[in-house]
Structure formats: C-alpha cells, structure tokens
Amino acid sequence: MHMKKPIGVFDSGIGGLTVLKALQRALPHEHFVYFADTANLPYGEKTPEQIMGYTRQTLAWMQNEIGAKLAIAACHTSSATALDLISHEFSMPVLGAIHPLVETVLQHYQGRRIGIIATPTSVHSRMHENSLLQAGFEGHLSSISCPKFVPIIESGRISGPELLRSSYEYLSIFNNEGLNTLIFGCTHYPWIAETLQYVLPSGVDFIDPAESIAVKASQELYKYKILNTSNNKIKIDFYCSSTPERFSAQLNLLMSIPQPEVTLVRLADGAALPQKRVVNE
C-alpha cells in the first residue's frame, strides 16, 4: 500500500541525522530511508549547478529505486539552491528545510535580531534572508558564513580547540550587532550547539529547524493521506555514496545504533549503480 512506502531523507553527510531524530520522534511508525551523499561532501562549497545535479540525482533515485512516498531534503544548502527549481519534476511531494523554518520564525520570533549561521553557498544565495523577508519578517537579519564547521563536524571533532576558535571567529558578530537569536541554517550545526552556546552572549535563543521540518512532514502525510497507520516500529535503512565504514562509525557514535548496516550506492543521472552492504563490527 502507498502508506507503507518509505520516506526518503537526504543530506551531504551526518547533518541530516539531526532532522531524522526529530522525524523519528514525530513519526515513530514510518519507514525511513536515509541517504548521505558523502562522495560530494561538503555541499556548502560546491557551485549551485553541482548542488542542483546532486539533488536531482538523489530525488530521482528515491522516487524510482526506493519508491519513496515523500522526500525530505535535510540540507539547507540543497533546499536553498535546488528544491524550488526542480521539485516539480517529481511525482512524490518534496519537502525542504527552508519553508518550515520560515513559518516557525514568523510565528514565534517576529521582529528579533537574528543571526543565521550557514554554509558559504547558502549565505551567497541569501535564500534564508530572502525567504524570511518575502514572508513578512520585520526584524534584523545577518547571515554568517561558516565554512569550517561542516568539515570539523564530519571529522567527529564536535568539541575541542579548533571548533572553539572557529566559533569565536564566526560568532563575534553577535556581540558587535547585538543579535539575540541564532538560526541553525545547516542541519549539521545542532551537533555543536554546546560549544556555540558557550561562545555566544547569555540569553541568545536557538532555532533548530529540525522540529519544524518534522511537523511539516506530518502535515504533508496527512494532507496526501499517506500516513502509515500501523503500530510497527520499523528500522531505518542507511545509504551513502562513499566510505560506508566511516559513515557506519558516525552512526554508531551519534545515533547510538549498534553495528549499523550501511549500503553503498553511487548515483549516476538518477540510476543506482551496483551496491555494497557494510556492517560496522
């Protein structure tokens, strides 16, 4: 049945796992397929054309090979650069990270002095700022490019001196401009929230779009009548496009999944090339 089909979730790496955790809490009976495009990491330093290509290939694979009933871009860079332009090419609904965030900000943070930390490509596109302003946001917005964060997080150094130095470097703007709210404009950043909180002035509010994405996903499933009504808890299928052993170790560390099984899949123009399963012993 259509409602039993999986929900596809994708990111360039481990960032989208923060969204996956929120989705699991909101939708415990759904079957999730998570794809990490580790071969092309980090997206935040790629051209818009490259990101468009990666996103199109991933969505085509999710629709045609996985049979996803809903696809979620758990990646702000992909959402900011590609989704509005290509989501109409697919028959399944496609949800990104930007629009749920905008709804949350307008409902609860209107008029704030907000800093948006994001990847260089997202900041250059001004997608977060433009989306908020076009929707009627009336506060102050500052987009902050943080090129070092994703490589640091992907390497597993989610604390320590290098992260601390970069955090002070990027977030000094909060003191200089008197910002009072921080938006995680990349799904990787919640993994380093503790360090960011240490560096920021006291009283700064954090906005993690993961919860907003989970709420929006639930609404989409109800809207299209494809919510899984069974009470079975289904395991998650994990895929990545390179170094499955490394991704499996990251899953074990961040998600506390014992011996996570990861399938290697290389995408080429939407078609899946031969796959290999890896179990992290």
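Only the coordinates and a few stated rules stand behind these numbers; no lab work does. This one's a predicted model, so the numbers in the text were calculated from it and none came from an experiment. Cβ atoms come from the backbone with ideal geometry, glycine included; neighbour counts cover every protein chain shown.
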Selection from 75, 29, 94, by position along the positive dipole direction of the chain (Cβ): 29
Principal-axis tilt of helix 17-26 within the chain, Cα atoms, nearest 10 degrees: 70
Ellipsoid equivalent to the range 99-209 - semi-axes via the Cα gyration tensor, in Å: 23, 15, 12
Difference of contour (0.36 nm per residue) and Cα-Cα distance, residue 47 to residue 157: 37.0 nm
Chain lengthening between residue 259 and residue 218 when straightened (0.36 nm per residue, less Cα-Cα): 11.8 nm
Inter-label distance for residue 233 and residue 206, nm, one decimal - labels placed 7 Å from Cα along Cα-to-Cβ: 2.5
Residue 144 long-range amide H proximity, modeled H, under 5 Å: 116, 117, 118
Trypsin sites (Lys or Arg not before Pro), loop per DSSP, at most 10 other Cβ atoms within 10 Å - longest free stretch of the chain: 1-224
Candidates 255, 62, 127, ranked by Gaussian network fluctuation over the chain, Cα under 10 Å, top entry: 255
Rounded to whole Hz, the Karplus (6.51, -1.76, 1.60) HN-Hα couplings of the range 81-89, x for glycine and proline: 9, 10, 4, 4, 8, 10, 4, 5, 6
For the chain, built as a Gaussian network whose Cα springs stay under 10 Å, the top-fluctuating residue of 60, 210, 135: 135
Sequence-separation-based contact order of the chain, relative, with Cα cut under 8 Å and 6+ spacing, percent: 25
Compactness of the range 166-210 - radius of gyration and Dmax, Cα, Å: 9.9, 28
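Extension gain residue 90-residue 138, at 0.36 nm per residue separation less the Cα-Cα distance, in nm?
On the way: separation 48, 0.36 × 48 = 17.28 nm, distance 3.42 nm.
Length gained, residue 90 through residue 138: 13.9 nm.
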Integer Hz, Karplus 6.51/-1.76/1.60 couplings in order for the range 51-66, x for Gly and Pro: 5, 4, x, 4, 5, 4, 4, 5, 5, 4, 5, 5, 6, 8, 9, 8
Principal-axis tilt of helix 161-177 within the chain, Cα atoms, nearest 10 degrees: 50
Rounded to whole Å, sorted largest first: equivalent-ellipsoid semi-axes of the chain, Cα gyration tensor: 29, 22, 18
DSSP bridge orientation in the chain - percent antiparallel, rounded to nearest 5: 15
Crossing angle, helix 244-255 versus the chain [Cα axis fit, 0-90 degrees, rounded to tens]: 60
The chain: Lys pairs at Cα distance under 17 angstrom, eight or more positions apart or on different chains: 19
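Charges only on Cβ, +1 for Lys and Arg, -1 for Asp and Glu: so what's the dipole of the range 99-209 about the Cα centre, in debye to the nearest 20? The partial results should precede the final answer.
On the way: 6 positive and 10 negative charges, 33 e Å.
My answer is approximately 160 debye.
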For the range 163-218 versus the range 228-256, the gap between their alpha-carbon centres in whole angstrom: 25
Kirkwood estimate for the range 1-104, i.e. one over the average of 1/r between Cα atoms, Å: 13.7
Interchain or long-range residues, amide H under 5 Å from residue 263's placed H: 238, 239, 240, 278
Whole-Hz couplings from phi, Karplus 6.51/-1.76/1.60, listed for the range 94-106; x for Gly and Pro: 10, 10, x, 8, 7, 5, x, 4, 4, 4, 5, 4, 5
The range 135-281 - charge dipole about Cα centre, Lys and Arg +1 at Cβ, Asp and Glu -1, debye rounded to 20: 540
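Exactly which chymotrypsin sites (Phe, Trp or Tyr not before Pro) in the range 19-122 are in a DSSP loop and have at most 16 other Cβ atoms within 10 Å? Intermediate results must be reported in sequence, preceding the final value.
On the way: sites: 32, 34, 35, 43, 54, 61, 90, 109; in loops: 90, 109.
Loop-located and lightly packed - 90.
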